[in-house]
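The values are calculated or read from the model by the stated rules, or taken from the named source; none is laboratory data. These numbers come from a predicted model, not from an experiment. Methodologically, a virtual Cβ is constructed for each residue, glycine included, from the backbone with ideal geometry; neighbour enumeration extends over all protein chains shown. What goes into the accessible areas is simple: the full protein's heavy atoms, side chains included, and nothing from ligands, DNA or RNA. Shrake-Rupley method; radii C 1.70, N 1.55, O 1.52, S 1.80 Å.
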Amino acid sequence: MIGVGVGAGSGLTGCGLNLRDARNIVVRNLRIAKVRAGVGNGDAIHLDNSTNVWIDHNDLSSDTTSGTDYYDGLLDVTHGSNFVTVSWNRLHDHVKCSLVGHSDGATASPPPAAPGRWSRGTPSRT
């Protein structure tokens, strides 16, 4: 198991995490902010075909004044990612918060568990 973000105040500004074909990952206690669309995949945390992932106690944000497409998603779980738990995270001050699946017909199997999710200032994709 790989742990990321164990210490208080750990985090990223302007870039996010892209977990592709990843297994047995814990992402915890990170602050990730202001990842612009076009930087990497444009998400604060992006899962692509990943399994057994726990995303816990993170603070994900941008701002809502830069326009709809200036930032992409805060937390996207896509392309067959499964056995994902998203617990006790704060998603705030962002236009397009999260995406599960990568098209209208695709979803994660099973869908992510999301206890204790908190969001504020998030008008869409919450």
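A search for C-beta distances below 7 Å between a residue of segment 1-21 that is on the phi < 0 side of the Ramachandran plot and among the charged types (D, E, K, R) and any residue that is modelled with pLDDT of 85 or more and assigned to a strand (DSSP E or B), counting only pairs 6+ apart in sequence or on different chains, returns R20/D48. What are the residues in segment 12-48 that are of a type outside the set (A, V, I, L, M, F, W, C), farther than 20 Å from N82 by Cβ and open to solvent by less than 50 Å² (accessible area, probe 1.4 Å), if any? Once the filter is applied, which keeps residues that are of a type outside the set (A, V, I, L, M, F, W, C), farther than 20 Å from N82 by Cβ and open to solvent by less than 50 Å² (accessible area, probe 1.4 Å), segment 12-48 yields G14, G16, G42.
Taking segment 39-89, which residues are over 13 Å from the mean Cα position of the chain (by Cα), farther than 17 Å from N18 by Cβ, part of a loop (DSSP other than H, G, I, E, B) and not β-branched (V, I, T)? Of everything in segment 39-89, those that are over 13 Å from the mean Cα position of the chain (by Cα), farther than 17 Å from N18 by Cβ, part of a loop (DSSP other than H, G, I, E, B) and not β-branched (V, I, T) turn out to be D63, S66, G67, D69, Y70. The single residue among G116, G80, G73, G101 that is over 15 Å from V26 (Cα atoms), buried (at least 23 other Cβ atoms within 10 Å of the Cβ) and modelled with pLDDT under 90 turns out to be G73.
Taking residues in segment 55-67 that are touching a residue at least 24 places away in the same chain (Cβ under 8 Å), and partners anywhere that are β-branched (V, I, T) and part of a loop (DSSP other than H, G, I, E, B), the pairs with Cβ atoms closer than 6 Å and at least 6 places apart or on different chains are T64/V95.
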